[in-house]
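Inspection log for the structure reproduced underneath, given as structure tokens.
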Amino acid sequence: MRLANKIALVTGAARGIGKGCAIALAEAGADIVLNDRPGSPDIDATAEEIRALGRHCWAVESDIFNRTGCESLAEAAIGEAGRIDILISNPAFSRRETFLNYDPDIFDRTLQGALASGFHMSQLIARHLVERGEGGKIVFISSVHGEMAFPRAVAYNAAKAGLNHMMRTIAGELVGHRINVNTIAPGWIDTPGERETFPADVMATAGAGIPWGRIGTPADIGKAAVYLCSDDADYVTGEILTVDGGIRLKGYLDHQPPKSATEE
């Protein structure tokens, strides 16, 4: 129970990576304020899963792609739970298209959802943490897209790269308040969103091509979140924890020289 007596707000948490983080934090002892967009078909079922673990869970629907929605969520979360100790910032929006054909409105919406909403939500919760004066944890969910320029993802790549740099700036400014601020950068994770985008055979082939031999799971990201939100990571701030099964190493592994006889 590494997170016993802690209260975590997890955004974008009804399914996928957000749900994986919420479940893992609950298993580690935290009570959870669960957020997803208004009308989410999954939020109530996820809340019940968390309650079945013996944890308190408050489900709060709010559109955090704008400042007003973030303010509404922060007020409701603190009002319902009494306080927030941990923020997992996991808003998600991405559309794939070539750079030459990319819709400018979708570009703006991607930066609003994947970058600006992280600023708004973290600022509001950080102000709460500073006012309480007991430290805290902020974890942004980024992506390997923040370092790797994948084609057909110009807006998402830019948003995640910006998120990584924003995290370091925030971490530096909050270090005096003993608020740890870090980022998790997932690789290819098996989520409902990915299943809606890619056929099962494509996902299977992709998993076999990852150096670790499989696509990641939301639980993989949840375990990383538990670490960063626990006292074990007390001395860790301003860092990007990559959880990708070695995707970033793939190019190097593809060009390894053959083993010598003495190495075999």
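The set of residues in the stretch 216-264 that are part of a helix (DSSP H, G or I), modelled with pLDDT of 95 or more and either of a type in the set (Asp, Glu) or touching a Gly at 6+ places or on another chain (Cβ under 6 Å) (or both) comprises 218, 219, 220, 221, 222, 231, 232. Return a yes/no flag: does the stretch 234-248 have any residue that is over 21 Å from residue 177 (Cβ atoms), over 17 Å from the mean Cα position of the chain (by Cα) and surrounded by 18 or more Cβ atoms within 10 Å (Cβ to Cβ). Looking for residues that are over 21 Å from residue 177 (Cβ atoms), over 17 Å from the mean Cα position of the chain (by Cα) and surrounded by 18 or more Cβ atoms within 10 Å (Cβ to Cβ), one finds at least one in the stretch 234-248, hence yes.
Among the residues making up the stretch 134-179, those that are farther than 18 Å from residue 9 by Cα and of a type in the set (Gly, Ala, Ser) are 143, 146, 149, 153, 155, 158, 159, 161, 162, 171, 172, 176. For residue 42, state whether it is closer than 19 Å to residue 222 by Cα, at pLDDT 95 or above and either of a type in the set (Lys, Arg) or surrounded by fewer than 18 Cβ atoms within 10 Å (Cβ to Cβ) (or both). Yes: the conditions hold for residue 42.
Each residue in the stretch 15-32 was checked for being crowded, with 24+ Cβ neighbours inside 10 Å and touching a Leu at 6+ places or on another chain (Cβ under 8 Å), and 5 of them qualify. Within the stretch 52-104, restricting attention to residues that are in a strand (DSSP E or B) and of a type outside the set (Gly, Ala, Ser), the residue that is nearest to the chain's Cα centre (by Cα) is 88. Using the structure shown, decide if residue 162 is crowded, with 20+ Cβ neighbours inside 10 Å, within 26 Å of residue 113 (Cα to Cα) and at pLDDT 95 or above. Against the criterion (crowded, with 20+ Cβ neighbours inside 10 Å, within 26 Å of residue 113 (Cα to Cα) and at pLDDT 95 or above), residue 162 does not qualify. For residue 25, indicate whether it is in contact with a strand residue (DSSP E or B) (Cβ under 8 Å, 6 or more places away or on another chain), within 19 Å of residue 119 (Cβ to Cβ) and not in a loop (DSSP other than H, G, I, E, B). Spelling it out, it is not the case that residue 25 is in contact with a strand residue (DSSP E or B) (Cβ under 8 Å, 6 or more places away or on another chain), within 19 Å of residue 119 (Cβ to Cβ) and not in a loop (DSSP other than H, G, I, E, B). Can residue 139 be described as at pLDDT 95 or above, more than 25 Å from residue 246 (Cβ to Cβ) and either under 13 Å from the mean Cα position of the chain (by Cα) or in a helix (DSSP H, G or I) (or both)? No; evaluated as a whole, the condition is false for this residue. Of all the criteria given as (1) β-branched (Val, Ile, Thr); (2) in contact (Cβ under 8 Å) with a residue 24 or more places away in the chain; (3) within 30 Å of residue 135 (Cα to Cα), the one not satisfied by residue 169 is (2). For the stretch 179-206, residues that are among the small types (Gly, Ala, Ser) and either under 19 Å from the mean Cα position of the chain (by Cα) or buried (at least 22 other Cβ atoms within 10 Å of the Cβ) (or both) total 3.
Checking each residue in the stretch 48-90 for being acidic (Asp, Glu), farther than 18 Å from residue 15 by Cα and in contact (Cβ under 8 Å) with a residue 12 or more places away in the chain picks out 71, 80, 85.
Check whether at least one residue in the stretch 8-21 is under 21 Å from residue 117 (Cα atoms), without any contact (Cβ under 8 Å) to a residue 40 or more places away in the chain and among the small types (Gly, Ala, Ser), and report yes or no. Yes: the stretch 8-21 contains one or more residues that are under 21 Å from residue 117 (Cα atoms), without any contact (Cβ under 8 Å) to a residue 40 or more places away in the chain and among the small types (Gly, Ala, Ser). The set of residues from the stretch 134-159 being surrounded by fewer than 19 Cβ atoms within 10 Å (Cβ to Cβ) and on the phi > 0 side of the Ramachandran plot comprises 135, 152. If you go through the stretch 213-234 and pick out every residue that is free of Cβ contacts under 8 Å to residues at least 40 places away in the same chain and among the small types (Gly, Ala, Ser), you end up with 2. For the stretch 82-111, a residue qualifies if it is out of contact with any Gly (no Cβ under 8 Å at 6 or more places or on another chain) and β-branched (Val, Ile, Thr), and the qualifying residues are 98, 106, 110.
The values are calculated or read from the model by the stated rules, or taken from the named source; none is laboratory data. Please read these numbers as outputs of a predicted model, since none were measured by experiment. Quick reminder, even Gly has a Cβ in these numbers, built from the backbone with ideal geometry, and neighbours come from all protein chains shown.
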